[in-house]
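Novice: I have a structure I would like to understand better, so I am pasting it below and will then ask my questions one at a time.
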Amino acid sequence: MSSTLEGRIAVVFGVANKRSIAWSIAQGLHQAGAKVLITYQNERLEQEAKDLIESLPGAEGYMCDVSSDAEIDKLFAQLKERHGKLHVVVHSVAFAPADELKNDFINTTREGFRIAHDVSVYSLIAVSRAAAPLMTDGGSIITMSYYGAEKVVPHYNVMAVAKAALECTVRYLAFDLGKHKIRVNAISAGPIKTLAARGISGLGDMLKSHAERAPLGRNVEVAEVGSTGVFLASDGSSGITGEVIYVDCGYNIMGF
Ligand code: 0WE
């Protein structure tokens with residue numbers, strides 16, 4: 001039996017633990033038959049990632065901090081050496097210094113702005129540039145966004161500005177890479193209790209009101225983001241590029 005992603009090789013950035021959106025997409029890609037290569041940021045996250053990687057037969061782990069050009073170059077040199085080519089990149093990485101998500105937006109610091117954009121936006125450009133030469137059969141690049149990019153979500157602050165830049169980056173990368181049959185898309189997921197969302201004050205209230213307002217009357221499950229990632233990775237989405245796909249139980253369509 002041939003699965004939708006049989007023979008495809010995928011590299012996934014942003015697995016921190018078993019609740020990560022990146023992990024959900026990685027599991028979906030693996031179930032669809034892809035070979036999954038998982039990166040972790042540093043030694044601290046290595047142990048957690050190793051346990052997850054071992055649970056996916058054939059998966060491999062690589063260390064790569066996407067804020068370092070040298071580490072990105074090294075990773076893709078290793079992937080080229082070991083696998084020769086690549087079909088899918090999942091970028092599920094974002095960071096702003098904690099204070100930037102607590103204070104008023106008007107107090108955004110120059111350094112907080114720089115870090116948020118470097119880690120959450122520039123990394124997609126750098127990773128796409130390194131991945132593209134390995135995507136000789138064409139490919140699919142997938143990143144994660146959030147509705148705060150478009151409408152004000154109190155305290156999302158500089159991350160919102162970074163996600164707006166990320167969505168625009170998706171369009172410009174889609175234009176550049178279209179000639180190589182490489183598609184670039186974002187998934188805009190509704191709020192999910194992941195490590196990245198933990199400690200965000202008022203997340204509980206937010207999840208409650210999101211579920212009440214969303215047409216489907218509930219919050220999105222991480223596995224639903226995973227299955228959308230599989231769709232965007234597969235030939236079923238071959239006509240879609242430069243797009244932001246909402247996986248938010250319909251929340252974004254509501255005016256009131
Ligand atoms: O993109 C995100 C969160 C990304 C994130 C989370 C953290 C927490 C720890 C980026 N940087 C940091 N820095 C840290 O120090 N989301 C979509 C989840 C999220 O974050 C919010 C939200 C939602 C939803 C922040 C404020 C309000 C709502």
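What follows is calculated from the coordinates using simple rules that are stated; it is not laboratory data. No experiment lies behind these values; they were computed from the predicted model shown. Note that we place each Cβ from the backbone using ideal geometry, even for glycine, and neighbour counts take in every protein chain shown.
Novice: In segment 88-98, which residues are in contact with a helix residue (DSSP H, G or I) (Cβ under 7 Å, 6 or more places away or on another chain) and either among the hydrophobic types (A, V, I, L, M, F, W, C) or more than 8 Å from the ligand (Cβ to nearest atom) (or both)?
Specialist: Matches in segment 88-98: V88, V89, V90, H91, S92, V93, A94, F95, A96.
Novice: Restricting attention to segment 117-131, which residues are under 16 Å from the mean Cα position of the chain (by Cα), more than 9 Å from the ligand (Cβ to nearest atom) and among the small types (G, A, S)?
Specialist: S123, A126, S128, A131
Novice: Hey, can you tell me all the residues within segment 107-132 that are of a type in the set (D, E, K, R) and either on the phi > 0 side of the Ramachandran plot or without any contact (Cβ under 8 Å) to a residue 24 or more places away in the chain (or both)?
Specialist: R110, E111, R114, R129, listed by residue number.
Novice: Got at least one residue in segment 47-64 being within 15 Å of the chain's Cα centre (by Cα) and among the small types (G, A, S)?
Specialist: No, segment 47-64 has no match at all.
Novice: Using the structure shown, decide if D235 is over 23 Å from P154 (Cβ atoms), touching a residue at least 40 places away in the same chain (Cβ under 8 Å) and not aliphatic (A, V, I, L, M). Step through it out loud before you land on a result.
Specialist: Values: over 23 Å from P154 (Cβ atoms): yes; touching a residue at least 40 places away in the same chain (Cβ under 8 Å): yes; not aliphatic (A, V, I, L, M): yes.
Yes: the conditions hold for D235.
Novice: May I pose another question? Show the residue pairs meeting these rules: Cβ distance below 9 Å; 6+ apart or different chains; first residue within segment 56-84 and on the phi < 0 side of the Ramachandran plot; second residue assigned to a loop (DSSP other than H, G, I, E, B) and surrounded by fewer than 19 Cβ atoms within 10 Å (Cβ to Cβ).
Specialist: What qualifies is M63/N42; D65/N42; S67/F95; E71/D65; I72/D65; K74/S68; L79/K85.
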